[in-house]
1. Working only within region 138-159, note down all residues that are over 25 Å from the mean Cα position of the chain (by Cα) and either crowded, with 18+ Cβ neighbours inside 10 Å or of a type in the set (Gly, Ala, Ser) (or both).
2. Here's a check for you: in region 42-59, which residue that is buried (at least 16 other Cβ atoms within 10 Å of the Cβ) and over 21 Å from the mean Cα position of the chain (by Cα) is nearest to Thr127 (Cα to Cα)?
3. It is to be established whether one or more residues within region 386-399 are in contact with a Phe, Trp or Tyr (Cβ under 6 Å, 6 or more places away or on another chain), surrounded by fewer than 23 Cβ atoms within 10 Å (Cβ to Cβ), within 30 Å of Tyr85 (Cα to Cα) and of a type in the set (Ser, Thr, Tyr).
4. Take region 254-296 and flag every residue that is more than 21 Å from Gly323 (Cα to Cα), at pLDDT 90 or above and out of contact with any Ser or Thr (no Cβ under 8 Å at 6 or more places or on another chain).
5. Can you tell me which residues in region 367-410 are touching a helix residue (DSSP H, G or I) at 6+ places or on another chain (Cβ under 8 Å) and among the aromatic types (Phe, Trp, Tyr)?
6. Taking region 175-199, which residues are touching a residue at least 40 places away in the same chain (Cβ under 8 Å) and either aromatic (Phe, Trp, Tyr) or part of a loop (DSSP other than H, G, I, E, B) (or both)?
7. Given the structure, is Asp329 closer than 23 Å to Pro244 by Cβ and over 22 Å from the mean Cα position of the chain (by Cα)?
8. Taking the options Leu237, Leu167, name whichever one is out of contact with any helix residue (DSSP H, G or I) (no Cβ under 9 Å at 6 or more places or on another chain) and more than 30 Å from Pro120 (Cα to Cα).
Amino acid sequence: MHKGFFATFGALALVSFSLLGCSQPVKPDGFIDKSGRVVVDPNKVTQKPLAFGDYSEALVPVKFANGYGCLDKEGGIAFARPFRYIAPFSEGIAAYCIGKSAEEGMWGYINHGGETLIEPTYGAAGTFSDGLAPVRMHKDDKGAKFPGKWCYIDKTGKVAIDKYFELAEPFSQGVAAVKDHGKMGCINKTGKFVVPPNYDMVYAANGGIIVAAQGDGISDDNRDQSLDFFDLQGTSLVHKVMTPVVLKNLRHRIWIENEFKVGDLAAAAERKVERPMCTDIGPGFRNGFSIMQDGKKFCHMDPRFQRPGFGHVFDYVFPFSEGMAIVYDDNLGGKLGFIDSTHQLMIPFKFWDASPFSDGVALVQETKGGLYGYIDKKGKYVLPPIYENARPFKDDRALVGPSALEVAQP
(Lines give C-alpha, C1' and ligand atoms only; values in the text may rest on other atoms or scores of the structure.)
Protein backbone atom coordinates (compact mmCIF):
# COMPACT_ATOMS: atom_id res chain seq x y z
CA MET A 1 0.00 0.00 0.00
CA HIS A 2 1.40 3.32 -0.97
CA LYS A 3 0.81 6.03 1.61
CA GLY A 4 1.03 8.63 -1.08
CA PHE A 5 3.44 9.83 -3.66
CA PHE A 6 3.75 12.61 -6.14
CA ALA A 7 5.24 13.00 -9.59
CA THR A 8 8.51 14.96 -9.58
CA PHE A 9 8.72 16.80 -12.86
CA GLY A 10 9.15 20.58 -12.85
CA ALA A 11 10.04 23.48 -15.09
CA LEU A 12 12.10 26.64 -15.16
CA ALA A 13 11.42 29.15 -17.90
CA LEU A 14 14.39 30.26 -19.98
CA VAL A 15 12.68 32.91 -22.08
CA SER A 16 12.27 36.66 -21.98
CA PHE A 17 9.26 38.70 -20.89
CA SER A 18 8.40 39.21 -24.56
CA LEU A 19 7.46 35.53 -24.88
CA LEU A 20 5.32 35.21 -21.79
CA GLY A 21 4.06 38.73 -21.12
CA CYS A 22 5.23 41.52 -18.85
CA SER A 23 3.57 40.08 -15.74
CA GLN A 24 5.37 36.74 -16.11
CA PRO A 25 8.68 36.32 -14.28
CA VAL A 26 11.66 35.32 -16.42
CA LYS A 27 12.05 32.09 -14.48
CA PRO A 28 8.65 31.18 -13.05
CA ASP A 29 8.51 29.15 -9.87
CA GLY A 30 5.22 27.91 -8.51
CA PHE A 31 1.87 26.64 -9.67
CA ILE A 32 0.74 27.83 -13.09
CA ASP A 33 -2.62 27.76 -14.86
CA LYS A 34 -3.04 26.79 -18.51
CA SER A 35 -2.19 30.30 -19.67
CA GLY A 36 1.26 29.85 -18.11
CA ARG A 37 0.55 32.48 -15.45
CA VAL A 38 1.96 31.80 -11.98
CA VAL A 39 -1.09 31.74 -9.71
CA VAL A 40 0.61 30.39 -6.58
CA ASP A 41 4.02 31.88 -5.87
CA PRO A 42 5.77 30.00 -3.02
CA ASN A 43 7.73 33.12 -2.12
CA LYS A 44 4.50 35.01 -1.41
CA VAL A 45 2.92 32.40 0.87
CA THR A 46 2.82 33.61 4.50
CA GLN A 47 4.81 30.58 5.61
CA LYS A 48 7.07 29.59 2.72
CA PRO A 49 6.51 25.91 1.86
CA LEU A 50 9.54 23.61 1.74
CA ALA A 51 7.91 20.91 -0.45
CA PHE A 52 4.74 20.43 -2.45
CA GLY A 53 2.23 17.76 -3.38
CA ASP A 54 -0.25 18.10 -6.25
CA TYR A 55 -3.70 19.66 -6.25
CA SER A 56 -6.74 17.53 -5.57
CA GLU A 57 -10.20 18.81 -4.63
CA ALA A 58 -8.84 22.40 -4.86
CA LEU A 59 -6.24 21.82 -2.12
CA VAL A 60 -2.54 20.97 -2.29
CA PRO A 61 -0.63 19.43 0.64
CA VAL A 62 2.58 21.31 1.46
CA LYS A 63 5.39 20.88 3.94
CA PHE A 64 6.27 23.78 6.24
CA ALA A 65 9.24 24.13 8.58
CA ASN A 66 7.06 23.13 11.54
CA GLY A 67 4.61 20.70 9.97
CA TYR A 68 2.19 20.30 7.08
CA GLY A 69 -0.78 22.14 5.71
CA CYS A 70 -2.76 22.82 2.55
CA LEU A 71 -2.91 25.76 0.16
CA ASP A 72 -6.02 26.74 -1.78
CA LYS A 73 -5.91 27.36 -5.53
CA GLU A 74 -4.90 31.01 -5.08
CA GLY A 75 -2.06 30.18 -2.69
CA GLY A 76 -3.80 31.04 0.55
CA ILE A 77 -3.10 28.81 3.56
CA ALA A 78 -6.26 26.78 4.08
CA PHE A 79 -4.82 25.35 7.30
CA ALA A 80 -1.50 24.38 8.89
CA ARG A 81 -0.97 21.65 11.43
CA PRO A 82 2.04 20.11 13.25
CA PHE A 83 1.72 16.91 11.21
CA ARG A 84 4.42 14.73 9.69
CA TYR A 85 2.51 14.32 6.43
CA ILE A 86 -0.79 14.96 4.64
CA ALA A 87 -1.87 12.81 1.67
CA PRO A 88 -3.97 14.11 -1.26
CA PHE A 89 -7.69 14.56 -0.65
CA SER A 90 -10.24 12.08 -1.98
CA GLU A 91 -13.97 12.11 -1.31
CA GLY A 92 -13.45 15.13 0.95
CA ILE A 93 -11.01 13.32 3.25
CA ALA A 94 -7.22 13.06 3.47
CA ALA A 95 -4.98 10.76 5.49
CA TYR A 96 -2.44 12.40 7.80
CA CYS A 97 0.43 11.21 9.96
CA ILE A 98 1.80 12.32 13.31
CA GLY A 99 4.85 11.02 15.17
CA LYS A 100 8.62 11.03 14.97
CA SER A 101 8.83 8.90 11.81
CA ALA A 102 6.54 7.65 9.07
CA GLU A 103 7.32 4.06 10.02
CA GLU A 104 6.45 4.54 13.68
CA GLY A 105 3.85 7.25 13.07
CA MET A 106 0.12 7.18 13.71
CA TRP A 107 -2.31 7.80 10.87
CA GLY A 108 -5.78 9.34 10.86
CA TYR A 109 -8.02 11.43 8.57
CA ILE A 110 -8.94 15.11 8.26
CA ASN A 111 -11.53 17.13 6.33
CA HIS A 112 -10.98 20.14 4.02
CA GLY A 113 -10.69 22.42 7.04
CA GLY A 114 -7.88 20.38 8.57
CA GLU A 115 -10.16 19.10 11.33
CA THR A 116 -9.70 15.52 12.49
CA LEU A 117 -12.52 13.22 11.41
CA ILE A 118 -10.88 9.92 12.37
CA GLU A 119 -8.31 9.90 15.15
CA PRO A 120 -4.70 8.91 14.29
CA THR A 121 -4.56 5.38 15.64
CA TYR A 122 -3.47 3.41 12.55
CA GLY A 123 -0.06 2.22 11.40
CA ALA A 124 -0.87 3.20 7.80
CA ALA A 125 -3.84 4.70 6.00
CA GLY A 126 -4.93 4.54 2.38
CA THR A 127 -7.16 6.64 0.17
CA PHE A 128 -10.94 6.76 0.53
CA SER A 129 -12.80 5.48 -2.52
CA ASP A 130 -16.28 4.03 -2.85
CA GLY A 131 -16.80 5.34 0.69
CA LEU A 132 -14.18 3.05 2.26
CA ALA A 133 -10.46 3.25 3.01
CA PRO A 134 -7.88 0.54 3.76
CA VAL A 135 -6.03 1.00 7.06
CA ARG A 136 -3.39 -1.04 8.84
CA MET A 137 -3.84 -1.66 12.51
CA HIS A 138 -0.82 -0.33 14.41
CA LYS A 139 1.52 -3.15 15.37
CA ASP A 140 1.66 -1.84 18.98
CA ASP A 141 -2.10 -1.41 19.34
CA LYS A 142 -2.96 -3.76 22.20
CA GLY A 143 -6.68 -3.25 21.61
CA ALA A 144 -6.58 -4.10 17.92
CA LYS A 145 -8.19 -7.34 16.82
CA PHE A 146 -5.22 -8.15 14.59
CA PRO A 147 -2.26 -5.78 15.13
CA GLY A 148 -0.32 -5.14 11.93
CA LYS A 149 -3.14 -6.36 9.66
CA TRP A 150 -5.16 -4.36 7.14
CA CYS A 151 -8.93 -3.85 7.10
CA TYR A 152 -11.45 -1.37 5.70
CA ILE A 153 -13.16 1.47 7.53
CA ASP A 154 -16.00 3.84 6.63
CA LYS A 155 -15.94 7.63 7.00
CA THR A 156 -16.86 7.42 10.69
CA GLY A 157 -13.83 5.23 11.41
CA LYS A 158 -15.97 2.14 11.93
CA VAL A 159 -14.65 -1.17 10.57
CA ALA A 160 -16.84 -1.76 7.53
CA ILE A 161 -15.62 -5.24 6.57
CA ASP A 162 -14.83 -7.51 9.49
CA LYS A 163 -11.98 -9.29 7.72
CA TYR A 164 -8.26 -8.63 7.99
CA PHE A 165 -5.53 -8.98 5.37
CA GLU A 166 -1.78 -8.83 4.88
CA LEU A 167 -2.29 -6.00 2.39
CA ALA A 168 -5.32 -4.05 1.19
CA GLU A 169 -5.72 -1.66 -1.74
CA PRO A 170 -8.42 1.02 -2.23
CA PHE A 171 -11.78 -0.01 -3.67
CA SER A 172 -12.53 0.61 -7.34
CA GLN A 173 -15.90 -0.14 -8.90
CA GLY A 174 -17.01 -1.99 -5.78
CA VAL A 175 -14.05 -4.38 -5.56
CA ALA A 176 -10.57 -4.21 -4.03
CA ALA A 177 -7.32 -6.15 -4.31
CA VAL A 178 -6.10 -7.77 -1.07
CA LYS A 179 -3.35 -10.15 -0.02
CA ASP A 180 -4.21 -13.25 1.99
CA HIS A 181 -1.69 -15.94 2.96
CA GLY A 182 0.90 -14.42 0.66
CA LYS A 183 -1.31 -14.31 -2.46
CA MET A 184 -3.45 -11.60 -4.05
CA GLY A 185 -7.17 -11.78 -4.76
CA CYS A 186 -10.11 -9.42 -5.04
CA ILE A 187 -13.02 -8.88 -2.64
CA ASN A 188 -16.36 -7.09 -2.87
CA LYS A 189 -17.80 -4.83 -0.17
CA THR A 190 -19.14 -7.77 1.82
CA GLY A 191 -15.61 -9.13 2.11
CA LYS A 192 -16.37 -12.05 -0.19
CA PHE A 193 -13.63 -13.06 -2.63
CA VAL A 194 -14.82 -12.56 -6.21
CA VAL A 195 -11.31 -13.45 -7.45
CA PRO A 196 -9.65 -16.10 -5.27
CA PRO A 197 -6.32 -15.24 -3.57
CA ASN A 198 -4.22 -17.34 -5.91
CA TYR A 199 -2.29 -14.62 -7.75
CA ASP A 200 0.95 -12.66 -7.53
CA MET A 201 -0.71 -9.43 -8.72
CA VAL A 202 -4.25 -8.05 -8.99
CA TYR A 203 -4.76 -4.78 -10.85
CA ALA A 204 -7.44 -2.27 -9.84
CA ALA A 205 -10.78 -2.79 -11.57
CA ASN A 206 -11.63 -0.44 -14.42
CA GLY A 207 -14.31 -0.60 -17.08
CA GLY A 208 -15.97 -3.48 -15.26
CA ILE A 209 -12.90 -5.71 -15.65
CA ILE A 210 -10.49 -7.16 -13.06
CA VAL A 211 -7.07 -8.41 -14.21
CA ALA A 212 -5.18 -10.94 -12.06
CA ALA A 213 -1.67 -12.20 -12.85
CA GLN A 214 0.68 -15.03 -12.06
CA GLY A 215 4.12 -13.41 -12.25
CA ASP A 216 4.81 -9.77 -11.51
CA GLY A 217 6.31 -8.78 -14.88
CA ILE A 218 9.18 -7.14 -13.00
CA SER A 219 11.40 -9.67 -11.24
CA ASP A 220 14.07 -11.26 -13.41
CA ASP A 221 12.76 -14.76 -12.63
CA ASN A 222 9.11 -13.68 -12.76
CA ARG A 223 8.79 -11.40 -15.80
CA ASP A 224 6.32 -13.58 -17.70
CA GLN A 225 2.76 -12.78 -16.71
CA SER A 226 -0.12 -15.22 -17.09
CA LEU A 227 -3.22 -13.00 -17.00
CA ASP A 228 -6.78 -13.94 -16.10
CA PHE A 229 -9.56 -11.43 -16.82
CA PHE A 230 -12.76 -11.40 -14.72
CA ASP A 231 -15.94 -9.37 -14.56
CA LEU A 232 -16.90 -7.67 -11.28
CA GLN A 233 -18.82 -10.77 -10.13
CA GLY A 234 -15.74 -12.94 -10.60
CA THR A 235 -16.77 -14.68 -13.81
CA SER A 236 -13.71 -15.73 -15.79
CA LEU A 237 -13.64 -14.02 -19.20
CA VAL A 238 -10.36 -14.70 -20.99
CA HIS A 239 -6.74 -15.76 -20.45
CA LYS A 240 -3.69 -13.94 -21.89
CA VAL A 241 0.09 -14.31 -21.54
CA MET A 242 2.66 -11.49 -21.55
CA THR A 243 6.33 -12.29 -22.16
CA PRO A 244 9.32 -9.94 -21.84
CA VAL A 245 10.92 -8.28 -24.87
CA VAL A 246 14.32 -6.67 -25.45
CA LEU A 247 14.34 -3.02 -26.55
CA LYS A 248 17.40 -0.99 -27.51
CA ASN A 249 16.31 2.39 -26.19
CA LEU A 250 13.92 1.67 -23.36
CA ARG A 251 14.46 0.17 -19.94
CA HIS A 252 11.10 -0.09 -18.26
CA ARG A 253 10.23 -1.88 -15.06
CA ILE A 254 7.70 -4.26 -16.59
CA TRP A 255 7.95 -6.74 -19.50
CA ILE A 256 11.39 -5.48 -20.57
CA GLU A 257 14.10 -8.11 -20.48
CA ASN A 258 17.70 -7.23 -19.65
CA GLU A 259 19.83 -8.50 -22.54
CA PHE A 260 23.03 -8.15 -20.52
CA LYS A 261 24.62 -11.17 -18.95
CA VAL A 262 24.95 -11.47 -15.21
CA GLY A 263 27.99 -9.51 -14.08
CA ASP A 264 27.93 -7.12 -17.02
CA LEU A 265 26.70 -4.33 -14.76
CA ALA A 266 28.86 -1.62 -16.29
CA ALA A 267 27.39 -2.18 -19.74
CA ALA A 268 23.89 -2.40 -18.31
CA ALA A 269 24.29 0.88 -16.44
CA GLU A 270 25.67 2.60 -19.52
CA ARG A 271 22.73 1.49 -21.66
CA LYS A 272 20.08 2.16 -19.05
CA VAL A 273 17.48 4.66 -20.23
CA GLU A 274 15.20 6.44 -17.79
CA ARG A 275 11.81 7.86 -18.82
CA PRO A 276 10.64 9.27 -15.49
CA MET A 277 7.20 10.31 -16.74
CA CYS A 278 6.40 6.92 -18.31
CA THR A 279 6.21 4.93 -15.10
CA ASP A 280 2.50 4.17 -15.06
CA ILE A 281 1.89 0.84 -16.80
CA GLY A 282 0.13 -2.46 -16.26
CA PRO A 283 -2.35 -4.79 -17.95
CA GLY A 284 -5.37 -3.53 -16.03
CA PHE A 285 -8.16 -1.86 -18.01
CA ARG A 286 -7.96 1.94 -18.32
CA ASN A 287 -10.44 4.04 -20.28
CA GLY A 288 -11.93 0.85 -21.73
CA PHE A 289 -8.66 -0.71 -22.93
CA SER A 290 -6.00 -3.05 -21.59
CA ILE A 291 -2.49 -3.70 -22.87
CA MET A 292 -1.97 -6.91 -24.83
CA GLN A 293 0.87 -8.55 -26.76
CA ASP A 294 1.08 -9.57 -30.41
CA GLY A 295 4.27 -11.54 -30.91
CA LYS A 296 7.06 -9.21 -29.80
CA LYS A 297 4.88 -6.11 -30.29
CA PHE A 298 2.25 -4.47 -28.10
CA CYS A 299 -1.19 -2.98 -28.62
CA HIS A 300 -4.45 -2.54 -26.70
CA MET A 301 -7.56 -4.66 -26.44
CA ASP A 302 -11.10 -3.49 -25.74
CA PRO A 303 -13.64 -5.04 -23.31
CA ARG A 304 -14.57 -7.56 -26.03
CA PHE A 305 -10.92 -8.69 -25.83
CA GLN A 306 -10.34 -7.66 -29.42
CA ARG A 307 -7.58 -5.51 -30.86
CA PRO A 308 -8.93 -2.25 -32.30
CA GLY A 309 -7.34 -0.82 -35.43
CA PHE A 310 -6.13 -3.97 -37.16
CA GLY A 311 -2.40 -3.90 -37.89
CA HIS A 312 -1.61 -1.10 -35.46
CA VAL A 313 0.97 -2.61 -33.13
CA PHE A 314 3.91 -0.85 -31.50
CA ASP A 315 7.22 -1.70 -29.86
CA TYR A 316 5.69 -0.72 -26.50
CA VAL A 317 2.46 0.87 -25.32
CA PHE A 318 1.22 2.55 -22.16
CA PRO A 319 -2.26 2.72 -20.60
CA PHE A 320 -4.95 5.05 -21.90
CA SER A 321 -5.69 8.30 -20.10
CA GLU A 322 -8.39 10.74 -21.21
CA GLY A 323 -8.81 8.85 -24.47
CA MET A 324 -5.13 8.96 -25.44
CA ALA A 325 -2.25 6.51 -24.92
CA ILE A 326 1.52 6.91 -25.20
CA VAL A 327 3.19 4.53 -27.67
CA TYR A 328 6.87 3.85 -28.28
CA ASP A 329 9.03 3.17 -31.36
CA ASP A 330 12.38 1.54 -30.64
CA ASN A 331 13.79 2.17 -34.11
CA LEU A 332 13.32 5.94 -34.12
CA GLY A 333 15.89 6.49 -31.40
CA GLY A 334 13.35 5.49 -28.78
CA LYS A 335 10.72 8.16 -29.45
CA LEU A 336 7.21 8.42 -28.01
CA GLY A 337 3.96 9.41 -29.70
CA PHE A 338 0.24 9.26 -28.88
CA ILE A 339 -2.68 7.25 -30.25
CA ASP A 340 -6.40 7.82 -29.79
CA SER A 341 -9.08 5.28 -28.94
CA THR A 342 -9.23 4.09 -32.56
CA HIS A 343 -5.59 3.05 -32.22
CA GLN A 344 -4.56 5.61 -34.84
CA LEU A 345 -1.30 7.54 -34.36
CA MET A 346 -2.55 11.07 -33.72
CA ILE A 347 0.66 12.70 -32.43
CA PRO A 348 3.86 11.56 -34.22
CA PHE A 349 6.87 9.92 -32.60
CA LYS A 350 8.85 12.98 -31.54
CA PHE A 351 9.14 12.91 -27.75
CA TRP A 352 11.84 11.51 -25.54
CA ASP A 353 9.59 11.58 -22.49
CA ALA A 354 5.90 12.26 -21.97
CA SER A 355 3.27 12.11 -19.25
CA PRO A 356 -0.22 10.66 -19.74
CA PHE A 357 -2.87 13.25 -20.57
CA SER A 358 -4.22 14.97 -17.48
CA ASP A 359 -6.65 17.90 -17.44
CA GLY A 360 -6.64 17.81 -21.23
CA VAL A 361 -2.89 18.32 -21.71
CA ALA A 362 0.29 16.24 -21.58
CA LEU A 363 3.71 17.23 -20.30
CA VAL A 364 6.35 16.37 -22.91
CA GLN A 365 10.11 16.54 -23.50
CA GLU A 366 11.43 16.30 -27.07
CA THR A 367 15.06 15.47 -26.30
CA LYS A 368 16.80 13.75 -23.41
CA GLY A 369 17.73 16.43 -20.90
CA GLY A 370 15.75 18.99 -22.91
CA LEU A 371 13.09 21.47 -21.85
CA TYR A 372 9.48 20.56 -21.06
CA GLY A 373 6.25 21.91 -22.49
CA TYR A 374 2.55 21.05 -22.53
CA ILE A 375 0.62 19.84 -25.59
CA ASP A 376 -3.06 19.37 -26.40
CA LYS A 377 -4.60 16.27 -27.99
CA LYS A 378 -3.69 17.48 -31.47
CA GLY A 379 -0.03 17.68 -30.50
CA LYS A 380 -0.01 21.49 -30.49
CA TYR A 381 1.90 23.22 -27.70
CA VAL A 382 -0.44 25.09 -25.37
CA LEU A 383 2.60 26.05 -23.29
CA PRO A 384 5.92 26.01 -25.20
CA PRO A 385 8.91 23.85 -24.22
CA ILE A 386 10.59 26.42 -22.02
CA TYR A 387 10.68 24.63 -18.69
CA GLU A 388 13.63 22.81 -17.15
CA ASN A 389 11.45 21.14 -14.52
CA ALA A 390 7.67 20.60 -14.44
CA ARG A 391 4.87 18.38 -13.21
CA PRO A 392 1.71 17.36 -15.07
CA PHE A 393 -1.46 19.40 -14.59
CA LYS A 394 -3.69 18.23 -11.76
CA ASP A 395 -6.90 20.03 -10.85
CA ASP A 396 -6.03 22.82 -13.37
CA ARG A 397 -2.69 23.56 -11.72
CA ALA A 398 0.85 22.45 -12.60
CA LEU A 399 3.98 23.06 -10.55
CA VAL A 400 6.99 24.50 -12.39
CA GLY A 401 10.41 25.80 -11.40
CA PRO A 402 12.74 24.70 -8.60
CA SER A 403 9.74 24.05 -6.34
CA ALA A 404 8.67 21.17 -8.59
CA LEU A 405 11.71 19.21 -7.44
CA GLU A 406 10.81 19.43 -3.74
CA VAL A 407 8.34 16.59 -3.25
CA ALA A 408 6.08 16.41 -0.20
CA GLN A 409 6.34 12.95 1.33
CA PRO A 410 6.16 11.25 4.75
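1. From region 138-159, those over 25 Å from the mean Cα position of the chain (by Cα) are 138-148, 156-159; that's our starting set.
Answer for region 138-159, where residues must be over 25 Å from the mean Cα position of the chain (by Cα) and either crowded, with 18+ Cβ neighbours inside 10 Å or of a type in the set (Gly, Ala, Ser) (or both): His138, Gly143, Ala144, Gly148, Gly157.
2. So the residue we want is Pro49.
3. No; the residues of region 386-399 include none that is in contact with a Phe, Trp or Tyr (Cβ under 6 Å, 6 or more places away or on another chain), surrounded by fewer than 23 Cβ atoms within 10 Å (Cβ to Cβ), within 30 Å of Tyr85 (Cα to Cα) and of a type in the set (Ser, Thr, Tyr).
4. Ile254, Asp294, Gly295, Lys296
5. none
6. Lys189, Phe193
7. yes
8. Just one listed residue meets the conditions, Leu237.
The values are calculated or read from the model by the stated rules, or taken from the named source; none is laboratory data. Source: prediction; values computed, not measured. Counting neighbours? That spans all protein chains shown, and the Cβs are built from the backbone with ideal geometry, glycine included.
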